[in-house]
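Enquirer: Mind having a look at this structure? Questions to follow.
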Amino acid sequence: MPSLTLKGVTVNFPFTPYDCQKDYMGKVIECLQKKENGVLESPTGTGKTLCLLCATLAWREHFKDTISARKIAEKLQGQEMFSSTPMSSWGTAATDGATPVYYTDIPKIIYASRTHSQLAQVIGELKNTSYSPKVCVLGSREQLCINQEVMRQESNHVKVHMCRGKVSTRSCVYYNNVEERTTDRDLVNSILDVEDLVKFGNKQRVCPYYLSRSLKQQADVIFMPYNYLLDPKSRRAHNIELNGAVVIFDEAHNVEKTCEESTSFDLTPYDVASAVSAVDKLLVEQATEASASEDFNVENLSSGLKIDLESIGKIKQMLLDLEAVIDSYDVPSDKGLTKAGIFIYELLERVQLTYSSKTAVHEALEQIIGHLTGRPGIFLNTSGLQKLADIIQLVFVGDPSEKDKRQQMESNTAHFKVHIHRDNSYHKKAQSTDVWASHSSSSKKPGNILSYWCFSPGFSMQDLKSQGVRCIILTSGTLSPLSSFTCEMRIPFPVSLENSHVIERDQIFVGIVERGPDGVPLSSAFDRRFLPENMASLGNTVANLSRVVPDGLLVFFPSFPLMEKTLDFWRTNGHAERIESVKPMFVEPKGKGTFNEVIDGYYQKVNDPTSKGGTFFAVCRGKASEGLDFADTFGRGVIITGLPFPPKMDPRVILKMQFLDEMSRRKAPGLKYLSGQEWYKQQAFRAVNQAIGRVIRHKDDYGAILLCDQRFKGAGARAQLPSWVRPYVRLYESFGNVIRDVSQFFRVANKLRPVAEKKSAARSHEAACSPDTPSPAAPSCSSSQRTNTQKAKQLDAHLPSLKRRRLHEHSVANGMARICIEYESEAQEGPRRPANLLDALEQGAHRGGAAPDAVAGVEQANHLSTLSLQCDKRMADELRGGKRKIKLVQEQPRASADVSGDGSSGGRVKAFLAEMKRSLSQFNFERVIRALQTYKKSDKLEALLAGAAVLAEDANTHRLLRGLYQFVRPHHKKSFDERCQQLTGRGCGYKPDHSLSVEEKKALVPRSAAVAVTSSACSQLDTQQLNRGGAHLNQPRAPEAAAVAVTSSACSQLDTQQLNRGGAHLNQPRAPEAGCASKRDVPAAFLADVKKAIGEEKSTLLFQALQSYKKSDNYDDMVGTVVSVFTERDEDFILLIRFSMFIPARHKKRYRDMLDALQGQSVSAADVPAVREDQQRPVSPSSPFKTQSKISSFFSGSQRK
């Protein structure tokens, strides 16, 4: 393992460090040696955690070695042990100069991060180093307790008191084994995280919670969430000794918020009412016991309650007085009443709660809570009592003398405000879980909330510093701007670092997108965020960018309400479907319970070699923006849709800004405060910077950052971005230029840093876990996977992507999966294709064991895609044909697919059944499947309609009813279409030829070449046969047949790749009646199509750009306008391809490269046909545009005079 020396300390590092890593470790060692606080920013992906661990542990070892050297020197009394190495050269770099130091004085390292999951990652990094310190992870009983009786309790504070009761009476078998297991060598010498501790506890029947507290005494490094350090109550509860310790806050961008929240509280009417109810219950209980016993005294009270009835009565009176005092203030319903922080003492004094009485009241509350939570029987809500006990500890800090009391109170409350405001949610909280809750006045009417809010994180940091810590190191990937961050902390940070990144220039693209494809300015400002034109433009922007950004795309919104409303608008107006057709959409849920299932679904979709990736929609400051790994293909691009400013009308935000303005006006010597407005902006940009950090995760990663809000273009806004991002920022006024440059960036990056081909690991694992394919060598499914799948069933509030239900969970689902698998197998391998879909179902019912292909079929059916049925069919075709076909057609509506029933794609069947399963309850799904099977056996349409009636009850399932059209036999097609029209107001796209059986259609084919190539017949041609070149392509045609054969409708299914390469049919002489546009008519036809598609105004803009290009030969300006105009709608994309006729030879290659990047595949743009309006088949609004003319000669407009 490589080693290097920094500031006299030898650091062992797992690999040769980069320069930025050396700089970072040097700054860490400087903080430790000089006992100085440090604030260190190093971008995500620079190995920050590894550097922090190695530098800190190397310094600690050096500290220990230096003490050893001193002790040896004292024993030698000035003599040299080694003549070649004088004692003076051994150094004192780690120790405190001439101060005598003992081994017991070696500082402990306290490493704090935001969550236990982040700490687990840190411990994983520690295992990769050569250092083996004694470690300990502190956690709550919530995470570490394994006593089932305690863990059954809902409330955390009830668990605490029940645990304490069992420990004090030694009635917990796990706690009783702690002392014996504390010295276990395997335990002491192992590096364990919370999960490992729990496993050890279950295996050895020992309490992990008290085991971790015991290990803390001898640990060199103690890991904990940082609220344990910043919250005085938690610090006391865990008995954390800070004197002389090195305190490290990783992911410190959240420290400011945690500092403020840990020292603030909100006391609601519900809290007070539940406390009164609990004390009432205790009074009744104790009074009953007292009257039942003539020889009553304190000692014979049950459960060891050591306070008398009078004290309990005083507590109740105090609570009632507190409720009355808080409600006595008449506050405006909209604003509330704000007082200086010191007012909290005045208010509490009115209920006899002061410094002199605080100890007695707190002890009484603890006694009552411990007694009530330790009782058997019905659970009694004691959360209100616990909150009051916490408030006393929080407000009455210190123990001043009478003369110093006023000064102490002013000092305690200097950074606080008291805010009393109306409780508008009282009716929700009045539904108490406590069945014994008394109906006091507070639960019948709205009361006031007493809030005591801290507005300076410096209050907690100064308290931490006063504990005698050696130094405090704050580090994160997003602390910029450092000056304002350190201002807020109120303690000096002499050591600071804004580190560079390890990536090269070609690995990052940063663009500020000012306008969408339609030219509408993009903005999430309050007055614009919900404008339809703004949401539509943003939807078009995301849809177009999803074409050019490969693999995984992250889209961050400023808030959950904005994301939800925007996504609803996109679903209604078709933008979501456009995005879905390229990259399936996954949405971050609000709750914690389903997040893992959603993110797993996204990872699997991006990993799927048959997909083009996925789109993950999340919010700034949400779970996805914090510490989640989107390395490589999981995060090739991140789109920021706006600036996530805090809610400006929130009382706490208003008061925070007022507080900062107040403090900055005072201009205290040596202190500098941010203004309220500066803080407000800083909050937004810090959240943006955190989200941006998801895209580049290591030195070989690359990706694009797209800031889609015009407010980013200001110099002040750009200055707030991270230092490693600022040099690469480009400002774009034309959306077409964005598309061009992004596609060019990824084309170059992919050539320089090719990524290993995707392997469907998830598929192989799931296949091994499938109950249909037992194998002794197959790994078994983990219980956690099964649990996650069960949880995922409840994801109804989000897009269908999130409803992850395996098709083999139940018996009916097994049958459906087999239907899909066997139909697919028959379609690909069997000598005879099934006549229709119901025949495929019949074959599925009679075939038994599943072959290996069946496993693949299950996985195909289980995929998490939310693509349309047409996209599923295209993906299945790509798998079978081994190539991609480009069909330049408008997106086909989901429910109006033209299915005739004779051999439709198995992929479409699977996708439909999977969607139906996701959308219906289990009961209704089984009912529809039974109806299909009954119809197949009885051939009675009414049986099918009766069973599927449930699909007509809800407008959201009408598309599923129409989707059953593909299962209906030809002679019932027309009747089913009519019934759907009656029930849903929309038919299934019935055409007369749908009523023909397969035999009847075959009989019609030989009659006439002209009839054979009519639109309905040609639409069923096997495109794979066309791709290979069939005999029919070489046969001479009658002039009339040829004329029909080359109409746009007849060619609608031709494989454009074959056309581009040139097939045999292209070399045949054509009859003059063929209806093709002549050379000179091609540009005119194109211009007519353009005017019809994009309108007069945009056509004029396009023609002006073309004229300007002819004069100036400025390719970049021209292509920016063209791309912007033709990528606004999917159906216009063919016009972008056809526009290549105007590109001269010198620019033709650049234009083709851009088209290749936009489509994600190599297609010769110059060889795409022009479509004349008079050649197109008339189309109804509901019918998708699927016409394409034959290949025409090409025209270079710029070279003609």
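The values are calculated or read from the model by the stated rules, or taken from the named source; none is laboratory data. In this text, all values refer to a predicted model and were calculated from it rather than measured experimentally. Counting neighbours? That spans all protein chains shown, and the Cβs are built from the backbone with ideal geometry, glycine included. For accessibility, only protein heavy atoms count, side chains too; no ligands or nucleic acids. Shrake-Rupley method; radii C 1.70, N 1.55, O 1.52, S 1.80 Å.
Enquirer: Of (1) in a helix (DSSP H, G or I); (2) within 29 Å of the chain's Cα centre (by Cα); (3) farther than 18 Å from residue 466 by Cα, residue 271 satisfies all except one. Which?
Expert: (2)
Enquirer: Here's something else I'd like to know. Out of the stretch 1114-1146, which residues are free of Cβ contacts under 8 Å to residues at least 60 places away in the same chain and surrounded by fewer than 17 Cβ atoms within 10 Å (Cβ to Cβ)?
Expert: Listed by number, the residues that qualify are 1114, 1115, 1117, 1144, 1145, 1146.
Enquirer: I've got another one for you. Which residues, counting only those in the stretch 204-254, are open to solvent by 40 Å² or more (accessible area, probe 1.4 Å) and closer than 21 Å to residue 489 by Cα?
Expert: Narrowing the stretch 204-254 to residues open to solvent by 40 Å² or more (accessible area, probe 1.4 Å): 204-205, 210, 213, 217-218, 227, 233, 236-237, 239, 241, 243.
227, 233, 243, listed by residue number.
Enquirer: What is the number of the single condition among (1) within 26 Å of residue 42 (Cα to Cα); (2) outside any helix (DSSP H, G or I) that residue 241 does not meet?
Expert: The one condition residue 241 does not meet is (1).
Enquirer: Being modelled with pLDDT of 90 or more, within 23 Å of residue 276 (Cβ to Cβ) and in contact with a strand residue (DSSP E or B) (Cβ under 7 Å, 6 or more places away or on another chain) is the filter here, so list the residues in the stretch 330-346 that pass it.
Expert: Across the stretch 330-346, the qualifying residue is only 344.
Enquirer: May I ask you to say which residue of 4, 32, 40 is touching a Pro at 6+ places or on another chain (Cβ under 9 Å), touching a residue at least 60 places away in the same chain (Cβ under 8 Å) and either open to solvent by 20 Å² or more (accessible area, probe 1.4 Å) or closer than 26 Å to residue 723 by Cα (or both)?
Expert: Numbers: 4 fails: touching a residue at least 60 places away in the same chain (Cβ under 8 Å); 40 fails: touching a Pro at 6+ places or on another chain (Cβ under 9 Å).
Selected residue: 32, the only one of 4, 32, 40 that is touching a Pro at 6+ places or on another chain (Cβ under 9 Å), touching a residue at least 60 places away in the same chain (Cβ under 8 Å) and either open to solvent by 20 Å² or more (accessible area, probe 1.4 Å) or closer than 26 Å to residue 723 by Cα (or both).
Enquirer: Which residues, taken from the stretch 736-768, are aliphatic (A, V, I, L, M), open to solvent by less than 30 Å² (accessible area, probe 1.4 Å) and modelled with pLDDT of 85 or more? Walk me through it before giving the result.
Expert: First pass over the stretch 736-768, keeping only residues aliphatic (A, V, I, L, M): 738-739, 742, 748-749, 752, 755-756, 761-762, 767-768.
If we keep only those that are open to solvent by less than 30 Å² (accessible area, probe 1.4 Å) too, we end up with 738-739, 742, 749, 767-768.
738, 739, 742, 749, listed by residue number.
Enquirer: Determine, yes or no, whether residue 61 is open to solvent by 40 Å² or more (accessible area, probe 1.4 Å), more than 38 Å from the chain's Cα centre (by Cα), among the acidic types (Asp, Glu) and modelled with pLDDT under 80.
Expert: On the way: open to solvent by 40 Å² or more (accessible area, probe 1.4 Å): yes; more than 38 Å from the chain's Cα centre (by Cα): yes; among the acidic types (Asp, Glu): yes; modelled with pLDDT under 80: no.
Judged against the criteria, residue 61 is not a match.
Enquirer: Name the single residue, out of those in the stretch 465-500 being modelled with pLDDT of 90 or more and open to solvent by less than 10 Å² (accessible area, probe 1.4 Å), that is nearest to the chain's Cα centre (by Cα).
Expert: Ranking the qualifying residues of the stretch 465-500, first place goes to 475.
Enquirer: A follow-up question, please. Hand me the list of strands (runs of 3 or more DSSP E) wholly inside the stretch 516-626 holding 3 or more residues that are among the aliphatic types (A, V, I, L, M) and open to solvent by less than 20 Å² (accessible area, probe 1.4 Å).
Expert: Values: elements: 552-557, 585-587, 614-619.
Because the criterion is at least 3 residues that are among the aliphatic types (A, V, I, L, M) and open to solvent by less than 20 Å² (accessible area, probe 1.4 Å), the strands (runs of 3 or more DSSP E) in the stretch 516-626 that meet it are 552-557.
Enquirer: Let me ask another. Among the residues of the stretch 711-735, count how many are surrounded by 21 or more Cβ atoms within 10 Å (Cβ to Cβ) and in contact with a Pro (Cβ under 8 Å, 6 or more places away or on another chain).
Expert: Total meeting the criteria: 3.
Results for (1) at negative phi; (2) in contact with a Pro (Cβ under 7 Å, 6 or more places away or on another chain); (3) open to solvent by less than 60 Å² (accessible area, probe 1.4 Å), shown as yes or no for each residue.
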{"residue": "630", "(1), (2), (3)": "yes, no, yes"}
{"residue": "634", "(1), (2), (3)": "yes, no, yes"}
{"residue": "638", "(1), (2), (3)": "yes, no, yes"}
{"residue": "648", "(1), (2), (3)": "yes, no, no"}
{"residue": "657", "(1), (2), (3)": "yes, no, yes"}
{"residue": "665", "(1), (2), (3)": "yes, no, no"}
{"residue": "674", "(1), (2), (3)": "yes, no, yes"}
{"residue": "681", "(1), (2), (3)": "yes, no, no"}
{"residue": "684", "(1), (2), (3)": "yes, yes, yes"}
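Enquirer: Going by the structure shown, is residue 673 closer than 30 Å to residue 341 by Cα, of a type in the set (Phe, Trp, Tyr) and either touching a helix residue (DSSP H, G or I) at 6+ places or on another chain (Cβ under 6 Å) or modelled with pLDDT of 90 or more (or both)? Give the derivation first.
Expert: Values: closer than 30 Å to residue 341 by Cα: yes; of a type in the set (Phe, Trp, Tyr): yes; either touching a helix residue (DSSP H, G or I) at 6+ places or on another chain (Cβ under 6 Å) or modelled with pLDDT of 90 or more (or both): yes.
When the stated conditions are applied, residue 673 passes them.
This table checks each residue for (1) exposed (fewer than 15 other Cβ atoms within 10 Å of the Cβ); (2) farther than 23 Å from residue 454 by Cα.
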| residue | (1), (2) |
| --- | --- |
| 313 | yes, yes |
| 320 | no, yes |
| 323 | no, no |
| 327 | no, no |
| 330 | yes, yes |
| 333 | yes, no |
| 338 | no, no |
| 342 | no, no |
| 352 | yes, yes |
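Enquirer: From the list 1052, 1099, 1078, exactly one residue is under 46 Å from the mean Cα position of the chain (by Cα), at pLDDT below 80 and among the small types (Gly, Ala, Ser). Which is it? Even if it seems obvious, please write down each step before you answer.
Expert: Values: 1099 fails: at pLDDT below 80; 1078 fails: under 46 Å from the mean Cα position of the chain (by Cα).
Answer to the check: 1052.
Enquirer: Hey, another quick one. Output yes when any residue across the stretch 294-305 is in contact with an Asp or Glu (Cβ under 7 Å, 6 or more places away or on another chain), modelled with pLDDT under 90, among the hydrophobic types (A, V, I, L, M, F, W, C) and open to solvent by less than 50 Å² (accessible area, probe 1.4 Å), and no when none is. Break it down into steps so the answer makes sense when it comes.
Expert: In the first step, residues of the stretch 294-305 are kept if they are in contact with an Asp or Glu (Cβ under 7 Å, 6 or more places away or on another chain); the result is 298, 301-302.
Narrowing further to those that are modelled with pLDDT under 90: 298, 301-302.
Narrowing the set further to residues that are among the hydrophobic types (A, V, I, L, M, F, W, C) leaves 298, 301.
Going one step further and asking which of them are open to solvent by less than 50 Å² (accessible area, probe 1.4 Å), we end up with 301.
Checked the stretch 294-305: at least one residue is in contact with an Asp or Glu (Cβ under 7 Å, 6 or more places away or on another chain), modelled with pLDDT under 90, among the hydrophobic types (A, V, I, L, M, F, W, C) and open to solvent by less than 50 Å² (accessible area, probe 1.4 Å).
Enquirer: Have a look at 54, 20 and point out the one that is of a type in the set (A, V, I, L, M, F, W, C), in contact (Cβ under 8 Å) with a residue 60 or more places away in the chain and under 23 Å from residue 103 (Cβ atoms).
Expert: 54
Enquirer: Between 140, 132, 155, which is at negative phi and exposed (fewer than 15 other Cβ atoms within 10 Å of the Cβ)?
Expert: Working: 140 fails: exposed (fewer than 15 other Cβ atoms within 10 Å of the Cβ); 155 fails: exposed (fewer than 15 other Cβ atoms within 10 Å of the Cβ).
Result: 132 is the single residue among 140, 132, 155 that is at negative phi and exposed (fewer than 15 other Cβ atoms within 10 Å of the Cβ).
Enquirer: With the structure loaded, tell me whether residue 1153 is at pLDDT below 80 and closer than 25 Å to residue 536 by Cα or whether it fails that test. Break it down into steps so the answer makes sense when it comes.
Expert: On the way: at pLDDT below 80: yes; closer than 25 Å to residue 536 by Cα: no.
Against the criterion (at pLDDT below 80 and closer than 25 Å to residue 536 by Cα), residue 1153 does not qualify.
Enquirer: Return a yes/no flag: does the stretch 281-292 have any residue that is modelled with pLDDT of 90 or more and of a type in the set (Gly, Ala, Ser). Give the derivation first.
Expert: Within the stretch 281-292, the subset modelled with pLDDT of 90 or more is none.
Looking for residues that are modelled with pLDDT of 90 or more and of a type in the set (Gly, Ala, Ser), one finds none in the stretch 281-292, hence no.
Enquirer: Also: I want to confirm something. Restricting to the stretch 158-181 and keeping residues that are touching a Leu at 6+ places or on another chain (Cβ under 9 Å) and within 30 Å of residue 57 (Cβ to Cβ), which single residue is most open to solvent (accessible area, probe 1.4 Å)?
Expert: 181
Enquirer: Out of 9, 39, report the one residue that is modelled with pLDDT of 90 or more, more than 39 Å from the chain's Cα centre (by Cα) and of a type in the set (A, V, I, L, M, F, W, C).
Expert: Values: 39 fails: more than 39 Å from the chain's Cα centre (by Cα).
Step by step, each of 9, 39 is checked, and only 9 is modelled with pLDDT of 90 or more, more than 39 Å from the chain's Cα centre (by Cα) and of a type in the set (A, V, I, L, M, F, W, C).
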